[in-house]
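I have placed the structure first, in the form of structure tokens, so that the comments after it can refer back to it.
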Amino acid sequence: MSLGAATLAGIRGLRPWRLLPTPTGTPFTFCYAVVLLVTSVVAEHADPSVISSMHQGSSTDVAHLADRPVFVLVASALWIAGGITSPYAIGFLFVLTALERRVGALRAAAVFVLGHVVATLATEIPVGLSVLVGHLPGTSLHRLDYGISFGVAASVGALAGVLAPWLRWAVLAGFGWMLVEDLIAFTDPMTNWGHLLALTVGVATWPLLRGGVGRAAA
């Protein structure tokens, strides 16, 4: 086959629609994306005071985690900090789609939830302890914290493990450096540390995910 024919065949073989979630191919990502779209539209058009109250009620701050942990861990993941045009919203769409196509819906959902829960607890528990010993003011118990970024960061780490080696390390290096730059900027250190921890959680799932590669529906 000539080079031109091979190139043409390769182009014809591309299926760009597989980059986006579908109800049958990636049900977890698709359904979750619909929910996030709805909450984002509501956040964009509803009364700002109402949305602020809903965000505060969904926050995984220390006070809420101590009172109703399961509720706020779920509710906080129903909102996108920064809206649907934020980097983590775009990352959610493409990263979760790619991960779910490779390892299946259950494993992809487990990675996302694990990253969200572990990174949330790991960043909020130290805040509670610091308030307890007097290193932080009591207002820190109500630090606003919501969004999908921890779950997305964990999914990036997990996805890297099922990619070709050269692409795996490129993804980890690129995303990891972005997180380190955010940490150096020191605008929100607790959240920035949470992103790095969530990425590590995703990497830690590699041995559990590789057995599921290829089982996802096309």
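The values are calculated or read from the model by the stated rules, or taken from the named source; none is laboratory data. Note that the structure is a prediction, hence the values are computed from the model and not measured. Counting neighbours? That spans all protein chains shown, and the Cβs are built from the backbone with ideal geometry, glycine included. Surface accessibility is based on the protein's heavy atoms, side chains included, excluding ligands, DNA and RNA. Shrake-Rupley method; radii C 1.70, N 1.55, O 1.52, S 1.80 Å.
Side notes on the structure shown:
- Those residues of segment 75-116 which are open to solvent by 10 Å² or more (accessible area, probe 1.4 Å) and of a type in the set (V, I, T), in sequence order: I80, I84, T85, I90, V95, V113
- Of the criteria (1) assigned to a helix (DSSP H, G or I); (2) open to solvent by 50 Å² or more (accessible area, probe 1.4 Å); (3) free of Cβ contacts under 8 Å to residues at least 40 places away in the same chain, which one H135 fails: (1)
- Note on segment 83-130: residues that are under 14 Å from S155 (Cβ atoms), touching a residue at least 40 places away in the same chain (Cβ under 8 Å) and β-branched (V, I, T) total 6.
- Residue, modelled with the lowest pLDDT, within segment 40-66, restricted to residues that are among the acidic types (D, E) and farther than 15 Å from I125 by Cβ: E44
- Flag if S130 is in a helix (DSSP H, G or I), surrounded by fewer than 21 Cβ atoms within 10 Å (Cβ to Cβ) and in contact with a Ser or Thr (Cβ under 8 Å, 6 or more places away or on another chain): yes
- Total residues in segment 43-74, condition closer than 30 Å to V171 by Cβ, of a type in the set (A, V, I, L, M) and either open to solvent by less than 60 Å² (accessible area, probe 1.4 Å) or over 20 Å from the mean Cα position of the chain (by Cα) (or both): 2
- From the list L144, L179, L163, the one residue that fits, being surrounded by 11 or more Cβ atoms within 10 Å (Cβ to Cβ), under 21 Å from I90 (Cα atoms) and touching a residue at least 24 places away in the same chain (Cβ under 8 Å), is L179.
- Residue in segment 10-28 that is over 20 Å from F150 (Cβ atoms), in contact with a helix residue (DSSP H, G or I) (Cβ under 7 Å, 6 or more places away or on another chain) and free of Cβ contacts under 8 Å to residues at least 24 places away in the same chain present: yes
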